[in-house]
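The values are calculated or read from the model by the stated rules, or taken from the named source; none is laboratory data. The structure presented is a predicted model; accordingly, all values stated were derived computationally and were not measured. Positions of Cβ are generated from backbone atoms using ideal geometry, with glycine treated the same way; all protein chains shown enter the neighbour counts. Areas reflect the complete protein model, heavy atoms only, side chains present, ligands, DNA and RNA absent. Shrake-Rupley method; radii C 1.70, N 1.55, O 1.52, S 1.80 Å.
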Amino acid sequence: MAGYTGDIGQATVPKQRARQLWKQTSVRRHIHPVLKGVLAEMAPGLERCMYCGDSQGTDIDHFEPVRVNPLRTFDWNNHLLACSLCNSHLKRDLFPLAADGTPLLVDPSSEDPAPHLHLSLAAGAYIDLTDRGAATIKVFGLNREILVRGRRNAYRITPLLLNDWRAAFDTGDKEDAAACASTIWEQPTADVVHAMFHQAVAPGAEDIFTDESQTLALLRDPVIRAALLSTG
């Protein structure tokens, strides 16, 4: 990989050379599959897009686009698994910067988005907490209707699955418990499950889970948290 970066650095037009190398047959055959396999293991759910968390991740995205920094074309830390919609139709080569030149987009593979984005569980929509959160929502279309609907569905279904997991655990049915755990974490928009566990123990949780005392009890259950948060 370092050899490719060196080649790009010496090129007269680095961006052009970077794109040529990335599309070379040998690179597509030998590097892309390995890289995609590593990213798939890091991705949420069943190889879901690292940006929207809903669709299958089919593309290798350069978080910092080749247009912006061609020297990072073969940088392993600059690659994410993305769906074609987020990668090719929404983000493309957009990479907004703050006034001081720092990136505005949140990198889901290396940063905790919580300081920048808050998920309203009942609404199924993200609320920006910072300029970086606002830019991330806008570029990736995180509040498009299909994602909002999917998050609402996950919010309704997850308590049922948690209840099923607890019942299987209490009866010693390890196989059913494992199946419930897989379903919880492998469903689309798994960010909802993470947000539910996080917000259940945050200040003001009773206000968030109004009239949902059973759901709150499940999310706070120490047995459930110990078992499921270690696998999610």
Check your understanding: What whole-number value in cubic angstrom gives the convex hull volume per residue for the C-alpha atoms of region 58-131?
Key -> 111
Check your understanding: Over the heavy atoms of residue 12, what accessible area does a 1.4 Å probe trace out, to the nearest 10 Å²?
Key -> 140
Point to revise | In region 64-134, the trypsin sites (Lys or Arg not before Pro) that fall in loop regions by DSSP, at most 13 other Cβ within 10 Å | key: 92
Review point. In the Gaussian network model of the chain, springs joining C-alpha atoms below 10 Å, which of 112, 100, 211 carries the largest mean-square fluctuation?
Key: 100
Review point. Hey, could you pull the Cα Rg and Dmax for region 86-203, both in Å?
Key: 17.0, 58
Check your understanding: Quick one: which of 36/91; 36/138; 23/91 span more than 23 angstrom between C-alpha atoms?
Key -> 36/138
Review point. Counting Lys and Arg as +1 and Asp and Glu as -1, what is the net charge of the other residues whose Cβ lies under 12 Å from the Cβ of residue 97?
Key: -2
Review point. Using Cα pairs under 8 angstrom and six or more residues apart, how large is the relative contact order of the chain, in percent?
Key: 15
Practice item. Taking H placed 1.01 Å from N in the peptide plane, check which residues at least 5 places from residue 117 or on another chain put their amide H under 5 Å from its amide H. Key: 129
Study note, to complete from the structure: Quarter of the surface of the C-alpha convex hull for region 175-232, i.e. direction-averaged projected area in nm², equals 4.1
Check your understanding: What is the dipole size for the chain, taken about its Cα centre, with +1 at each Lys and Arg Cβ and -1 at each Asp and Glu Cβ, in debye to the nearest 20?
Key -> 1140
Revision key, fill the gap. One quarter of the C-alpha convex hull surface, i.e. the mean projected area of the chain in nm², amounts to 14.4
Check your understanding: Which cross-chain or sequence-distant (5 or more) residues have an amide H under 5 Å from the amide H of residue 125, H modelled 1.01 Å from N in plane?
Key -> 120
Review point. How about region 1-43: which trypsin sites (Lys or Arg not before Pro) there lie in a loop by DSSP and see at most 14 other Cβ atoms within 10 Å?
Key: 23
Exercise for review: Round to a whole angstrom and tell me the spacing of the C-alpha centers of region 81-98 and region 13-42.
Suggested key: 17
